[in-house]
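Written out below as structure tokens is the structure these notes cover.
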Amino acid sequence: MKVSVIIPSTGNRFDFLQRAIKSCIFSSKNIQIEIIVVINGGNGKDFDFDSTIKSNFIHYYYLEEGNVSLARNYGVKKSSGDLIRFLDDDDYLYTDISYRQYLDFYENENLDISMCNFDIVDDLKNVFKTPCINEVEDFVSYALDPLISLPFCFVYRANIIRNIQWDNDVKIPEDEDFLRRIAKKGGGNFKIRNEKVGVWYQHNGERLSLSLVNNEYYFNKFNSIKDLYIKIDDSSYSLFAAQGMWKCIHGGFYLSPIYWTQIALYARKLDAASKPQEIFFHKLPDFIHPIVVEWLMLPKRWLTHQLRILRKKLGLISYIRKL
């Protein structure tokens, strides 16, 4: 059995990339490793291919266009593994746990998708959070309302995703969108291994993701949830769809309150008891509609958002991402 690890990179975070590559390497009689590094974007022209880690199982490619989804799709085309994993160049794996994840596939030919947990670590090596995984029995349920969607947490049997593309036009949150594209095809046999397989690395330097979430994030997230729910056409998934939608509603409400009020009414049609996951909402009496509370909180949340924008302009905003 062979696993292909696909690492997209802009090419200008050399030390991070070397660490990511090293974290993928293991020795095994039963499982082979193939690492595909796709350097993409203008900065990639200056990448020092002569100084990077070399081996017959590590392959480097260069694409002119800087697009992480395009790079991942290209990596899949070039891969030859039975299993596929995606890893960003500034994150890294715990090699022993990642190997155990591959063994699950080796020992169970019916397994299609495996997911592990992860640590959030800052550049001072402080481990400040490990998320709690949502325990569900099937992949569709998880994809509708995922807590974790970081690409490196998942390993896929290659035949499950060979014909599923990362959307080159969806920049945020493209990782969740990819999960739902897989779920639209039926997903497959899914296993959650509640171990930490790697590190989502928080560093004070060039970041490719947005530091402030905007309405596009929640709009894209909602539409991909709705599209999946309509595609599967199964009311038994209504609760999961509504829960996922409320994350969008609560997150984006202060940015576009009238729009998200309409979506809240739609989510309540799917599940009459659904509401945001924040503890405060679950302490309210059932007769109080959560959208009323969202409107009451609107002035404070809008002002808080403006303060974040100001802090970002002043260079005071934290680079630590939160779930």
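The values are calculated or read from the model by the stated rules, or taken from the named source; none is laboratory data. A quick note: this is a predicted structure, and the numbers were derived from the prediction, not measured. So basically every Cβ, Gly included, is an ideal-geometry build from the backbone, and we count neighbours across all protein chains shown. Please note that ligands, DNA and RNA were not included when accessible areas were found on the heavy atoms of the full protein model with its side chains. Shrake-Rupley method; radii C 1.70, N 1.55, O 1.52, S 1.80 Å.
Is one or more of the residues making up segment 303-314 at pLDDT below 85, assigned to a loop (DSSP other than H, G, I, E, B) and surrounded by fewer than 13 Cβ atoms within 10 Å (Cβ to Cβ)? Break it down stepwise before answering.
If we filter segment 303-314 for residues that are at pLDDT below 85, which is where we start, we get 305, 308-314.
So of that shortlist, the ones also assigned to a loop (DSSP other than H, G, I, E, B) come out as 314.
With the extra rule that they be surrounded by fewer than 13 Cβ atoms within 10 Å (Cβ to Cβ), the set shrinks to 314.
Yes, the conditions are met somewhere in segment 303-314.
Restricting to segment 244-269, name every residue that is within 19 Å of VAL136 (Cα to Cα) and open to solvent by 10 Å² or more (accessible area, probe 1.4 Å). Give the steps one after another, and end with the answer.
Step one: filter segment 244-269 for residues within 19 Å of VAL136 (Cα to Cα), giving 244-247.
Residue satisfying the conditions is LYS247 alone.
Within segment 74-92, the set of residues being at pLDDT 95 or above and open to solvent by 10 Å² or more (accessible area, probe 1.4 Å) comprises TYR74, VAL76, LYS77, LYS78, SER79, SER80, ASP82, ASP88, TYR92.
Taking segment 41-147 and the helices (runs of 4 or more DSSP H) fully enclosed by it, the elements with 1 or more residues that are aromatic (Phe, Trp, Tyr) and under 15 Å from the mean Cα position of the chain (by Cα) are at 139-144.
Would you pick out the residues in segment 118-165 that are among the β-branched types (Val, Ile, Thr), touching a residue at least 40 places away in the same chain (Cβ under 8 Å) and closer than 22 Å to SER79 by Cα? Those that are among the β-branched types (Val, Ile, Thr), touching a residue at least 40 places away in the same chain (Cβ under 8 Å) and closer than 22 Å to SER79 by Cα: VAL155, ILE160, ILE161.
Among residues of segment 92-117 that are within 11 Å of CYS153 (Cα to Cα), those with a beta-carbon under 9 Å from a residue that is open to solvent by 20 Å² or more (accessible area, probe 1.4 Å) and polar (S, T, N, Q) at least six positions away or on a different chain give the pairs ILE113/ASN189; CYS116/ASN194; ASN117/THR130; ASN117/ASN194. Residues in segment 29-62 that are open to solvent by 40 Å² or more (accessible area, probe 1.4 Å), touching an Asp or Glu at 6+ places or on another chain (Cβ under 9 Å) and of a type in the set (Gly, Ala, Ser): GLY42 only. Within this structure, ILE21 fails the test of being touching a Lys or Arg at 6+ places or on another chain (Cβ under 8 Å) and not in a loop (DSSP other than H, G, I, E, B).
Listed conditions (1) surrounded by 17 or more Cβ atoms within 10 Å (Cβ to Cβ); (2) at pLDDT below 95 are all met by TYR102, apart from (2).
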